[in-house]
Structure formats: C-alpha cells, structure tokens
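The values are calculated or read from the model by the stated rules, or taken from the named source; none is laboratory data. Source: prediction; values computed, not measured. Note that each Cβ is placed from the backbone with ideal geometry, even for glycine, and that neighbours are counted across all protein chains shown.
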Amino acid sequence: MTLGILVVDDEPDIEDLFRQRFRAELRSGQVAFHFAASAEQALEALDVGLTPETFLVLSDINMPGMSGLDLLQRLRAQTPEVPVIMVTAYGDIENRRRALDNGATNLVTKPVDFTELKKLVNSIIADKQAA
Amino acid sequence: MNAPDHSGEHLLDGTIDPPVTVEGTLDSARLYRDQVMSIMPGLLVHRGEDILHCNEGLAHLLGYLAPDDVLVLPSVMRLVPDDALFSERQAYDQCLSGLTRADVRRTKRRRADNSVQWFDQVLEPIDWGGKPAVMEMLAQVRPHIGFTELPHQWQRLQAAIDAMPNGVLMLDREGRMEGLNSELLRLWDYPPGLFPPGTPMDVMLRYNHQRGDYGDCTEDDKISEIRKLFQVKGVINSERRVPSGRVLDIRTAPRADGGIVVTHVDITERKRIEDELREAKERAESILEELRDTQQQLIVQEKMASLGQLTAGIAHELKNPLNFVNNFAELTSELLDELLSLLGPLDNRLDQDAQAEAKDLVSSLHSNLRKIADHGRRADNIVKSMLAHSRGGGGEWQRTDVNPLVEEALALAYHAVRAQDREFNTSFIRHYDPNVGEVKIVPPDISRVLVNLFTNSFYAVRKRQQAEADPNYHPTLTIATSDCGDKIEIRVRDNGVGMSQAVIAKLFTPFFTTKPTGEGTGLGLSLSYDIVVHQHRGRFDVASVENDHAEFTITLPRAIPAVSLGERRKP
C-alpha cells in the first residue's frame, strides 16, 4: 500500500529535497508525496481529495498567509485521524509549545534531520498499520 | 489694668508720698503688692510643649494679666522669640534629661505684646506629678555690680547695646573688656556676670579654652592666634561654630582710640538654609546626572536592540537557503555515488586515458561537494551564534555565589578543550576572595562569558606552546576574584601569545577573530561584552603584552539601579 504524505511549505525547493531524500521509499512505492505551497492550498487539496489518500501531514509554521499553526487547528477539527508533524525553527520555544498545545503529533526542528524524520515517518506508518 | 512696668525702679526707690485717704492707702497697698510682685521671680513649669504651671510673677513679667492667660498658650515655645527657638529648645531638652545644673543664663522672652525682653533665668529639672519637668525661673536683668558704679551715660549705652540684635563686645586699647551685651552672653552661653568690666580679654579666651571651645589645641597658641586677629586693622569676617552648635559671624571694627568693637551675628539659621539649599541643589544635580546616564544607556540599549534585531533578521533569512545548500550538497554526494555504481559496468567501454580522466573528475566532484558541505556547516555555525547573540539567554536575575560559578565555568571550559586535545595541560592559580559572596546576576550569561574567556586563554597558551616549543614554558592561568565594596571583580590572566594594540582595539567588534578561518565565529567576545556591559552594567577591561600575557577584567556592580535592570538585546 502506498502512503500519501502531504508536505506544506512555501519553499518550492522543498519538493526536490523530499523527493531526493525519500528516493528509495518513492521508488519502492512505499510512500507518495503531495506538496502544497501554502496552508490554503493544502486545505483545498485535502477537500478535493488526493490519491493516494493523505496519511500524514508535514507542515512548516512560518508561511505567508495562513500559518502552520492555524492549519494544524483546522486539521485537528476536520481530520483528527490524520497525524500532523510540525516543522519548527531552531530554538523557537514559543511555537513548539503552541504546536504541541494545538495537538501536533510530533515536532521536527529545522534544519530537518532526514534520518530522524524517516524514523518518525516509519514509526507512524507502523502504528497506523498495526491499528 | 496694665502690667507693671518691668523696670520697676520708681517703685523701689521709696519716693512715694504718704497716703491721706482710704483710696490712698489702698493704692499704697496695691503699689506694695506690685513692688513685691516685681521682685518675685516668674515661675513656669513645663514639660515638652505643655505649660504645667505658671505663677503670677511670671505672668506679670511677661505682660500677661493673669497666669491663666499663660496656661492657655498652645506651647511654651510661644514665649520664646523666633531667633532663640533653637537654643531654648536645646536648653529645655538638656534640663528635662537632667543634664543641666541650675545655672543662671541670660535669655530673652517674647512678651504678651510681642515685644522682646532680656531676663536672667534659672532652669531646674524637677518632679511634677511623678514625671520629670522643667522648672524655669525668670528675673529682671540686674545691672552688673561693676556697672552700677558707672556713670549714667554708661548705663544708657548698656541699655542701647542690649537692645541691639547682635552680640556686642567692646575692648579697650589694652584688650580689657569695657562692656558687652546680653545677646553676646546668650550666643556664647556665658552665665551673666561672668566678665565684669575691666576683665582682660585673655580671661575670656582662657575660659573658652577650659570649657573646651578650642578642642585639644594648646591654650597659649590659640590665645595668641586669636589676639593676633584682633590686632589686624580693618574689618575681619570670620565664621565660627561655637560649642552650642550655633554659627557666628564675628566682625571686628577698630575704634579711633585703639579699642575694638566686636560684633557677633548668629547666622545659624542662614547657614542651615544655605546648607539645605546646597544639598537640594546637589541632590537635583545628581538626579539630573543619573537621568542623563539612564538616557544614554537607553539610547545605547535601543541601538543595540536594533542591531540585535538586524542580526537576528539576517540570521533568520540566511538559515533557510543555507539549509538547502547543505541538504543538496549532501544529497548530490549520495546521488553521485549511486550514479557511479550504475555506471560502473560501463567503465570498461572507455579507454585507459578516458577512465583515468573520469576518475579524476569524479574525485574532484566529491571533494567539491565535501567543501560545499564543510563551508555550509561553517556558515550554519555562524548563523547559530548570531541567533544566540540576539536572542539572549532568557535567564533570570538571581543572587548568585560568584566563586563557585567561576570555578564551574573553568571546569567546563577545561573539559571542553581537553576533549579536543588530550595532550593539553596548563596550571591554574586561583585567588578567590571569600568576601565576594553573592551578586545579583543572570548566571547562565555570566557563565557563558567566563567559559568564553577561559577558552580564549587556553587557545592563547596552546598557541604559544606550539610556536615556542620551549620546554621551560609553563602555560599558566591566573583566576582571581575580589570584593571592591559596591562592585566585584573577576580577573582572568594567561601567559599565552597575548595581543597587539591593534587587536585589542577591535576585540569586541562582532565577527572579529584572530583564529584561522573556520575556527572562530568572532562573536564570543562581542557577546561577552554585551552581557557584561549592557546587560549587567559592568565593565570589561583588557590589558596585554604580546608573547607575555593577556588579562581580562570583568567588573560587576553589586546593585544595579532599578531603572536600568539590564537586558540583552532581543529581536
């Protein structure tokens, strides 16, 4: 089964970065990525429905327009079963706290350590499949 | 009915015609009564402000109709003229506490009609209703025995100088006293009758000396010094503080016949007001100075805050692109490896030269990617330092024992350097002053400053050791703390490579470093300076001789003015 991961970030190069970092998993068909350049786009895409179905959302916090924290709140209300991982800036204690308060499944600190992120994604996949 | 004339003299001289009528005898009896009343001393008992008792004599002496008119006065001080309030209050207090013996004083009192009159006075501590009180007896001023024989002119002169508001002393050409007035007796606290006319001036000076007016100096020295003052022709002004606490302005005016008139003006009150004004002025000036300082500090703080914001802004903006650089460099390296393993089987299709060239290109590519990654990490470290610089430690102000903090930072820095270089060794000389005790600081920030200084010192001694390769060179770090009253000092001295004046001048500039590129960010001392000077309102001093030593001194105030509890600049 291919798992859909929605990555929300206003940096367009994020797409290349994720595709290359997860190239092995992509090639083997374990995961598929969807990308949204803003929180608004992410909500739109989720409304329309993505294939494969979104299994995990990974979102930056600081974005123009709707912030990652607002997106998190909306997602918690709309799709409580989808885990959300927030990407926070180095040392930004305030946003870390707010992200956890708002129900983020987990936090990843910038610069993203992809080895750690892969482990995290794998553990979430394992949890989901066990359920 | 008018109060009897205070002089009372015509009543006492016995020149009353014998009465011929009953009214006449009654008048005579009244006169006799008045006569007796006038020679009876006035008696007043008081405690604090309260008048407890007043006899008829006193009421009459002061021109009141009856004792009740005195008893209803709100305060006993109502009977004292304004310019004598200070000395009378002092005299009453001393009497009430039992310090005074019953001595005759010359004093002045305010009468019912607000006129002022001189009296001779005896104060005595008494028991009144089980509690101590002051008994005050007032009597008409008696002409001095010496003066009664003087011609009428003299008596009129005496009355005239007694009416003057200043103390007056008249000396003849031989320095004998010719006359003095009541105000002089009062100002100097001389009992009346002490210096009859003809008394040599020296006697008065010796009397002053004996009661301690001149302190410990030798009697003869002081007397000849004062005598010399009198010999100077012309007006001499001199301000003197007399034992009672009064300040007198003493002026000497020579007379044509060689005698001298000395006037004494009580300027205690004026001095007090002058002192108060001066103090108020000084206070205002010091507040103004403090305000200026605060303003200056605020300007600096504001500047530093905007610099901090700028730094943080730059760091934030650089962080994301830098992440991409680092990530893609790493990924590219991985992709290159994967590409090579894919192309591996194709290698034998190339000829020898082409294969060698391909190998060379691949190794250059690898090395370039490594360099991109290395420099990217370097830039990343700088960005992190910049963020730490601008963010502030977030630590709180705490009373902290300084010596253990210094020792802890030293251990931390030493472990860090030993982790990098097992060979490294240095000796420590510690001078911790136990009086330094606790100081209110932000502990993690000061600790950071210290670790920074120690790390720099280790670097400096290591560099010298490597450069000189002299077996007799012993790296030494001296760490001293000292208590300087309202400040404390922390000194860190090393015998490392030291610094030139040019380096010292740029030492605290952000990004200035003497370490090889890549080893230092150049933010350590700039941050330390910020912490010590701006946040803690301290001082940061540097002294160094190249290839001999470097010494850093941090001075921290024990108390930071409340208006300016320092803050690190925050974005």
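Structure notes:
- Here B:V406 meets the list (1) surrounded by fewer than 18 Cβ atoms within 10 Å (Cβ to Cβ); (2) in the same structural domain as B:K440 (by TED's automatic domain parsing); (3) under 21 Å from B:T455 (Cβ atoms) almost entirely, failing just condition (1).
- Candidate set from region B:312-368 (those that are within 24 Å of A:F22 (Cβ to Cβ) and of a type in the set (S, T, N, Q)); member that is surrounded by the most Cβ atoms within 10 Å (Cβ to Cβ): B:N327
- Per this entry, B:E49 is counted among residues that are in contact with a Ser or Thr (Cβ under 7 Å, 6 or more places away or on another chain), outside the structural domain of B:G167 (by TED's automatic domain parsing) and farther than 27 Å from B:V265 by Cβ.
One line per residue, one yes/no per condition, for (1) modelled with pLDDT under 90; (2) touching a Phe, Trp or Tyr at 6+ places or on another chain (Cβ under 6 Å); (3) part of a helix (DSSP H, G or I):
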site	(1), (2), (3)
B:M77	no, no, yes
B:R105	yes, no, no
B:A112	no, yes, no
B:E124	yes, no, no
B:M135	no, no, no
B:A139	yes, no, no
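- Once region B:256-298 is narrowed to residues that are in a loop (DSSP other than H, G, I, E, B) and either touching a Phe, Trp or Tyr at 6+ places or on another chain (Cβ under 8 Å) or in contact (Cβ under 8 Å) with a residue 60 or more places away in the chain (or both), the residue that is surrounded by the most Cβ atoms within 10 Å (Cβ to Cβ) is B:G259.
- Filter result (more than 14 Å from chain B (Cβ to nearest Cβ) and among the charged types (D, E, K, R)) within region A:117-127: A:K119, A:D127
- Inspection of region B:21-38 finds a residue satisfying the criterion of being hydroxyl-bearing (S, T, Y), more than 19 Å from B:R111 (Cβ to Cβ) and part of a loop (DSSP other than H, G, I, E, B).
- Taking every residue in region B:452-469 that is farther than 12 Å from B:N547 by Cα and pairing it with any residue that is in a helix (DSSP H, G or I), at least 6 positions away or on another chain, the pairs with Cβ-Cβ distances below 6 Å are B:N452/B:G524; B:N452/B:S528; B:F454/B:L410; B:F454/B:A413; B:T455/B:A413; B:F458/B:V417.
- One residue alone among B:L453, B:L387 is under 30 Å from B:I314 (Cα atoms), within 14 Å of another protein chain (Cβ to nearest Cβ) and not charged (D, E, K, R), and that residue is B:L387.
- Counting only strands (runs of 3 or more DSSP E) that sit wholly inside region A:1-116, those with at least 2 residues that are away from every other protein chain (no Cβ under 11 Å) and without any contact (Cβ under 8 Å) to a residue 24 or more places away in the chain are A:106-109.
- Restricting attention to region B:483-500, the residues being surrounded by 16 or more Cβ atoms within 10 Å (Cβ to Cβ), more than 19 Å from B:K515 (Cα to Cα) and not basic (K, R) number 5.
- Residues in region B:309-337 that are of a type in the set (A, V, I, L, M, F, W, C), in contact with a Lys or Arg (Cβ under 9 Å, 6 or more places away or on another chain) and facing chain A (nearest Cβ under 8 Å): B:L331, B:L335.
- Residue tally, condition modelled with pLDDT under 90, more than 16 Å from B:A460 (Cα to Cα) and acidic (D, E), over region B:495-550: 1
- Failed criterion for B:F86 (all others in (1) free of Cβ contacts under 8 Å to residues at least 60 places away in the same chain; (2) part of a helix (DSSP H, G or I) hold): (1)
- Check on B:D202, over 23 Å from B:R105 (Cβ atoms) and either in contact (Cβ under 8 Å) with a residue 24 or more places away in the chain or surrounded by 12 or more Cβ atoms within 10 Å (Cβ to Cβ) (or both): yes
- Set B:V436, B:V442, B:V417: member being modelled with pLDDT under 90, surrounded by 20 or more Cβ atoms within 10 Å (Cβ to Cβ), among the β-branched types (V, I, T) and in the same structural domain as B:D548 (by TED's automatic domain parsing): B:V442
- Of all residues in region A:33-82, those being under 21 Å from A:P111 (Cβ atoms) and among the β-branched types (V, I, T) number 2.
- With respect to being farther than 21 Å from B:K319 by Cα and either among the hydrophobic types (A, V, I, L, M, F, W, C) or crowded, with 19+ Cβ neighbours inside 10 Å (or both), A:L69 falls outside the description.
- Residue match in region B:474-496 (condition: closer than 27 Å to B:A312 by Cβ and either out of contact with any Asp or Glu (no Cβ under 6 Å at 6 or more places or on another chain) or not assigned by TED's automatic domain parsing to the domain that holds B:I429 (or both)): no
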